[in-house]
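**Q** Below is a structure I'd like to ask you about.
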Amino acid sequence: MAVERTLSIIKPDAVGKNIIGKIYSRFESNDLQIVAAKMLRLSDVVAGGFYAEHRERPFFKDLVEFMTSGPVVVQVLEGEDAIAKNRELMGATNPQEAAAGTIRADFASSIDANAVHGSDSPESAAREIAYFFAASEICER
Ligand code: RTP
Ligand code: MG
């Protein structure tokens, strides 16, 4: 296993539920370190560009509408096997299918309002980290 970085987003539903800290605790207690973080409101253009791979999917419009409905918290997580580990902590996309004890099983209410995003491959992680952070905004730990 190698030390990796992955891009994580706490989505508007979870920010609205005031559970940023609870989600950060999941990362920290599983040896993922937060090496960059910011809160922001995504515009349609920024949310659409982030999810560009889904542009032709039927849920794209709802996805962009949801991601722009309130502030999000965006962070870079670093640790051993960080990309797969974060996906495991998140659970399945649909919270009803997410394993017990995962972030989505515990905090998400629907496939749209599913609390968190996490990069799904090294290529996505590199692209998504660069989408939100300049190299100077990522802190060595
Ligand atoms: P994410 O990208 O947000 O981490 O989620 P994911 O990898 O688990 O799921 P992905 O397939 O990349 O889909 C991105 C987001 O689009 C919404 N979605 N809705 N209605 C649907 O069938 C559907 N499928 C996906 C979800 O909010 C998902 O997180
Ligand atoms: Mg995805």
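**Q** Could you check how many residues of the stretch 73-89 are touching a helix residue (DSSP H, G or I) at 6+ places or on another chain (Cβ under 6 Å), part of a helix (DSSP H, G or I) and more than 14 Å from ligand 2 (Cβ to nearest atom)?
**A** The qualifying residues number 1.
**Q** From the set of residues in the stretch 81-131 that are within 8 Å of ligand 1 (Cβ to nearest atom) and touching a residue at least 60 places away in the same chain (Cβ under 8 Å), which is farthest from PRO12 (Cα to Cα)?
**A** Across the stretch 81-131, the extreme among qualifying residues is SER119.
**Q** Here's a follow-up. I want to confirm something. Restricting to the stretch 90-128 and keeping residues that are buried (at least 19 other Cβ atoms within 10 Å of the Cβ), under 13 Å from the mean Cα position of the chain (by Cα) and not small (Gly, Ala, Ser), which single residue is nearest to ligand 2 (Cβ to nearest atom)?
**A** Taking the candidates together, the pick is HIS117.
**Q** Name the single residue, out of those in the stretch 27-61 being of a type in the set (S, T, N, Q) and touching a residue at least 24 places away in the same chain (Cβ under 8 Å), that is farthest from ligand 2 (Cβ to nearest atom).
**A** So the residue we want is GLN33.
**Q** Starting from residues that are among the hydroxyl-bearing types (Ser, Thr, Tyr) and in contact with a Lys or Arg (Cβ under 8 Å, 6 or more places away or on another chain), keep the ones in the stretch 45-100 and report whichever is farthest from SER25 (Cα to Cα).
**A** The selected residue is THR68.
**Q** If you scan the stretch 132-141, which residues turn out to be more than 15 Å from ligand 1 (Cβ to nearest atom) and touching a helix residue (DSSP H, G or I) at 6+ places or on another chain (Cβ under 9 Å)?
**A** ILE138
**Q** Continuing with this model, one more query. Of the residues that make up the stretch 68-80, is at least one touching a residue at least 12 places away in the same chain (Cβ under 8 Å), surrounded by fewer than 15 Cβ atoms within 10 Å (Cβ to Cβ) and small (Gly, Ala, Ser)?
**A** yes
**Q** Name the residue, out of VAL45, VAL64, VAL35, that is among the β-branched types (Val, Ile, Thr), in a helix (DSSP H, G or I) and more than 15 Å from ligand 1 (Cβ to nearest atom).
**A** VAL45
**Q** Of all residues in the stretch 1-27, count the ones that are loosely packed, with under 12 Cβ neighbours inside 10 Å and closer than 18 Å to ARG141 by Cα.
**A** Of the residues in that region, 3 qualify.
Quick note: the coordinates plus some simple rules give every number you see, no bench work behind them. Model, not experiment: these values are computed from the prediction. For neighbour counting, all protein chains shown are included, and Cβ atoms are generated from backbone atoms with ideal geometry for every residue, glycine included.
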